[in-house]
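Below is one structure, written out as structure tokens, with a few remarks after it.
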Amino acid sequence: MAHQDNIDRLNTELDRRKDDLIALTQDLIRIPTLNPPGENYRLICEYLRDRLAPRYFQCELIRAHDTPGDCEKYPRWNIVARREGARSGECVHFNSHTDIVELGQDWTRDPFGGELDGDKIYGRGACDMKGGLAASIIAAEAFVDTFPDFSGAVEISGTADEETGGFGGVAYLAEKGYFAPARVQHVIIPEPLGLDSICLGHRGAWWAEIETKGRIAHGSMPFLGDCAVRHMGAVLNEMETELYPALAQKRTDMPVIPKGARQSTMNINSFHGGQNEPEAGFTGLPSPCVPDSARMVIDRRFLIEENIDDVQKEITDVLEKVKSEREGFAYKIREIQRIIPTMTAKDAPVVTSVASAIQNVLGKPAEYVVSPGSYDQKHIDRIGQLKNCIAYGPGILELAHQPDEYVEVSAMLDSAKIMGQSLIDLLVEKAA
Ligand SMILES: [Zn+2]
């Protein structure tokens, strides 16, 4: 039973480090890395370097120059820490984003206090995802200390800007080759998807701005102009009666959670027509004008069974149909971003490894899930061309971005045992 013996040694070591795990999580929460604007990235990277460098991780701090939001006041810093094993082999990489979202209202705890109350540590980012970062660090440290003869390498990265698209974080690193298949073979992203759940990937997204055109005229004589908002109303009507019912019919075999997202969806992120809203404090009346432009941003989430060209065509078909029915109808469409859906195979090595660790630690089989929205896996998949990637980490997804966000110490410790066990599997036992 060498296998169980290895696991027991690691678990004993992790249990011993529980206070360290708590203190590390609290320290990370106490560095306010709000994004936007992207504060204190350098500080949190230095903190991680000061922790990992004395433990023989080679640490690189990498600024994502000229990416969205990067400037002298808010530089986009990332850290990649790599600990080489005793011999060559594969590399397991843990990637966590260091940024957190705005606080919002209704906090009853100090959002940057890292307060420990029973089994819970409170603070913005506790769940999404400083708790996951802390758990992966403790797992990696306990592993390298307990199995110094391991093969390959363990990497930990802390990256910027996940909450705003990841361009100054994982996308930048992927472009620089940090996720190239020659360097990294397995990636675990400790996002809060639930202790027993392996997230295989995410749906796709296509964002576009649609503009309808009109002609300005005096509002008392609208027949002399052409109202862009009425044209857009016709587009919305076509979407309500034809497109939305059609989207609801497109179901997926992807195990998306929540279940309501196991179909194609489309949100209208914004809608604007006519003159701009007056500035706050302006007390005058609006002027009477026929709107010559209306704009709408759509957020279409699509399935692995769909392809992006069809998704786009579906929207242009709506616009062309309206055009054929309405005199004077003219539109423009501009793509804002596209994210291709991704789903790692259930028999990929990182998946089977984490699944058997979940069974071992929790005594139940792993759940396989897919995220309704995307996260940094999109860049690892598309730019890095690395398919052996999952999200797995502690924390309750529903708490992300909420007031009084917390992470449970017991969940972090269990997830650290699971991450550590898959390191044993991939870098010790399979490598032997
Ligand atoms: Zn996150």
#### Entry: Length-normalised contact order for the stretch 108-220 - Cα pairs under 8 Å, 6+ apart - percent
18 percent
### Task
Assign one of three labels to the stretch 88-151, namely rounded, prolate or oblate, based on the Cα gyration tensor with a ≥ b ≥ c the square roots of its eigenvalues; rounded applies when a/c is under 1.5, prolate when it is not and a/b is larger than b/c, and oblate otherwise.
oblate
### Query
If packing is taken as the mean number of other Cβ atoms within 10 Å per residue, what is the order of 414-423, 74-83, highest first?
414-423, 74-83
### Summary
Comparing Ala234, Ala280, Ala86 in a Gaussian network model of the chain (Cα, 10 Å), the one with the largest mean-square fluctuation is Ala280
### Task
Divide by every residue of the chain the summed helix terms, -39500 (n - 2.57) for each DSSP H run of at least 4, and state the resulting mean residue ellipticity at 222 nm, rounded to the nearest 500 deg cm²/dmol.
-9500 deg cm²/dmol
### Message
Under 8 Å for C-alpha pairs, at least 6 residues apart: give me the relative contact order for the stretch 335-409, rounded to a whole percent.
### Response
29 percent
### Query
Over 29 Å between Cα atoms, which of Lys321/Lys387; Lys323/Lys378; Lys130/Lys346; Lys250/Lys332 qualify?
Lys321/Lys387; Lys323/Lys378
### Query
Could you list, bin by bin from short to long, the percent of Cα-Cα pairs of the chain in 20 Å steps?
24, 49, 21, 5, 0
### Query
Where does each of Thr344, Thr108 land when they are ranked from fewest to most other beta-carbon atoms within 10 angstrom?
Thr108, Thr344
#### Entry: Virtual paramagnetic centre 7 Å along Cα→Cβ of Lys430, amide N under 13 Å, in the stretch 127-154
151-153
### Task
Starting with the fewest neighbours, write out Asp20, Asp106, Asp128, Asp70 ranked by other beta-carbon atoms found within 10 Å of each beta-carbon.
Asp106, Asp20, Asp70, Asp128
### Query
Considering only the stretch 66-162, what is the antiparallel percent among its DSSP beta bridges, to the nearest 5?
50 percent
### Task
Sort out for me the Cα centre separation of the stretch 361-389 from the stretch 229-299, rounded to whole Å.
30 Å
### Message
What is the angle, in °, between the Cα long axis of helix 308-325 and the longest principal axis of the Cα atoms in the chain? Nearest 10 is fine, range 0 to 90.
### Response
10 degrees
### Task
Could you check what % of the DSSP bridge pairs in the chain are antiparallel, to the nearest 5?
70 percent
### Query
How far is helix 228-238 tilted, in degrees, relative to the longest principal axis of the Cα atoms in the chain, given as a value from 0 to 90 rounded to the nearest 10?
60 degrees
### Message
Which one, Ser371, Thr352, Gly328, projects farthest toward the positive side of the charge dipole computed for the chain from Cβ point charges (K/R +1, D/E -1)?
### Response
Gly328
### Task
Could you run the Debye sum over the Cα atoms of the stretch 126-191, one equal point scatterer each and no solvent, and tell me log10 of I(q)/I(0) at q = 0.24 Å⁻¹, two decimals?
-1.16
### Query
Given a cut-off of 20 Å, what percent of all Cα-Cα pairs of the stretch 152-233 lie beyond it?
61 percent
### Task
When a/c is below 1.5 the answer is rounded, else prolate if a/b is larger than b/c, else oblate, so apply that to the stretch 354-423 with a ≥ b ≥ c taken from the square roots of the Cα gyration tensor eigenvalues.
oblate
### Query
Where the only charges are on Cβ atoms (+1 Lys, Arg; -1 Asp, Glu), what is the dipole of the chain about its Cα centre, to the nearest 20 debye?
720 debye
### Query
So for Thr25, Thr12, fewest C-beta neighbours within 10 Å to most, what's the order?
Thr12, Thr25
### Task
Give me the number: length gained by fully extending Arg9 to Phe282, i.e. 0.36 nm times residue separation minus the C-alpha to C-alpha distance, one decimal in nm.
91.4 nm
### Query
Once you sort the root eigenvalues of the Cα gyration tensor of the stretch 217-331 as a ≥ b ≥ c, which label holds: rounded (a/c under 1.5), prolate (a/b larger than b/c) or oblate (the other case)?
oblate
#### Entry: For the chain: relative contact order, % (alpha-carbon pairs under 8 angstrom, 6 or more apart)
25 percent
### Query
Could you give the angle, 0 to 90 degrees to the nearest 10, between helix 41-52's Cα long axis and the longest principal axis of the Cα atoms of the chain?
20 degrees
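Since every read-out is calculated from the coordinates, none of them should be taken as a lab result. Keep in mind the model is a prediction, meaning the values are calculated, not measured. Note that each Cβ is placed from the backbone with ideal geometry, even for glycine, and that neighbours are counted across all protein chains shown.
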